[in-house]
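So the structure is just underneath, and the comments pick up after that.
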Amino acid sequence: MTDRYAVIGNPIEQSKSPLIHTAFAQVTGQDLAYTKVLSPLGEFAATVDAFRAAGGRGMNVTAPFKLDAFAYATDLAPSAQLAGAVNAMKFEGDKVFAENFDGVGLVRDVVHNLGCPLKGRKVLVLGAGGATRGALLPILAQGPAELVIVNRTVSKAQELAAIAQTQNTGSVPVRGIGYDDLQGEAFDVVFNATSASLTAQVPPLSISAFAQDALAYELAYGKGLTPFLKLAQQAGVTRLADGVGMLAEQAAEAFLWWRGVRPDTRAVIHTLTVPLV
Ligand code: NDP
């Protein structure tokens, strides 16, 4: 019997998840159907209940429901607990297992696909929202030389740095600061995990924040050369990436979790890539 999965959000029309998971199912020979579910605001639980009652096996969760899914889950993985948000659910009887694969997807894209190890590198993350929360543990697990979180609202960066320190078994130095506090420091890897690019804005980052040979990674995807990536170019950075690989890799992690088989992401990344020009 064909197993049913879906992505839930509002709006949902823009979601690439059906395309990605359908491609994964084809290449791995898995018998599943993956659709989009538009949930009315305030009706997340009822919409998921109906999907489960109709035999649904699992869901991805996108904006604005990642916190609703956190509340709905019965069994939260550490990744979801730290992120305070859920992006994948698996239904087994009364149980709702919940994960957040955004961070592992990001790190796998950088280390595996882009060939950029984080071990021993100075890492800067711009933004202190949900994406940064999800990325903290997976980045720390790579053993960077240091991790700095910089945010417009400084208290949020400080709060995340404090949380990261409590989870930080490898004693990586972690700081949460404001943009003015960067004071000419340079980083080997700079992640733009702000939502500024979604409105064609750029965080107030000095070009001196990019070390020579740095990787500038924009978490937003499909937007070509964003203002952040242009800033990196002005700094002389030639290694630029956007979040299309992160999107594909978090999907692959969910697929593995649901189906027990890891799909190759290369074809999907190729299909979804918008050139950075
Ligand atoms: P949130 O809304 O949770 O957080 C947004 C963050 O951006 C906040 O820290 C906010 O600062 C900061 N910010 C917004 N505008 C500006 C600005 N003009 N200048 C400086 N800082 C700004 O967003 P998410 O964490 O969910 O998403 C962040 C990005 O990651 C988005 O671009 C999203 O598309 C992308 N993403 C990509 C994924 C992928 O698979 N590729 C998956 C998930 C997210 P403040 O706290 O001061 O308001």
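Rule-based calculations on the coordinates, nothing more; no lab input. Note that this is a predicted model, so its numbers are computed, not measured. Note: ideal-geometry Cβ built from the backbone for every residue, glycine included; neighbour counts use all protein chains shown.
Annotations
- Net charge contributed by nearby residues that have their C-beta within less than 15 Å of Thr74 (K/R +1, D/E -1): -3
- Sequence of Thr2, Thr28 once ranked by neighbouring C-beta atoms within 10 Å, starting from the fewest: Thr2, Thr28
- Candidates Arg152, Arg266, Arg121, ranked by Gaussian network fluctuation over the chain, Cα under 10 Å, top entry: Arg266
- Compared with the direct C-alpha span, the chain from Glu146 to Ser208 gains 20.6 nm at full extension, assuming 0.36 nm per residue.
- Span per principal axis, largest first, for the Cα atoms of the range 103-242 (Å): 36, 32, 26
- Arranged from fewest to most other beta-carbon atoms within 10 Å of their beta carbon, Val86, Val274, Val154, Val190 become Val274, Val154, Val190, Val86.
- Projected label distance in nm at Ala63 and Glu13, using a 7 Å step from Cα toward the beta-carbon: 1.6
- Dipole of the chain [Lys/Arg +1, Asp/Glu -1 at C-beta], most positive-end residue of Gly236, Gly127, Leu67: Gly236
- Highest-MSF residue in the chain out of Val174, Val244, Val96 [GNM, Cα springs under 10 Å]: Val96
- Multiplying the residue separation of Leu256 and Asp75 by 0.36 nm and removing their Cα-Cα distance gives an extension gain of 63.4 nm.
- Segment Ala267-Asp49, length gained on full extension (0.36 nm per residue, minus Cα span): 75.1 nm
- Debye, to nearest 20: dipole size of the range 135-206, +1 on Lys, Arg Cβ, -1 on Asp, Glu Cβ: 200
- Between Leu160, Leu32, Leu118, the Gaussian network model of the chain with springs among Cα atoms under 10 angstrom shows the greatest mean-square fluctuation at Leu32.
- Helix 244-259 vs. the chain, principal-axis angle (Cα, 0 to 90°, nearest 10): 40
- For Leu32, neighbours were defined as the other residues whose beta-carbon sits under 12 Å from its Cβ, and their charges (Lys and Arg +1, Asp and Glu -1) total +1.
- Ignoring lysines fewer than eight residues from Lys90 along the same chain, the ones with Cα atoms less than 23 angstrom from its Cα are Lys16, Lys36, Lys66.
- Treating r as the C-beta distance of Thr22 and Thr166 and R0 as 51 Å, the FRET efficiency rounds to 0.80.
- Rounded to 10°, Cα long-axis angle of helix 17-28 versus longest principal axis of the chain: 70
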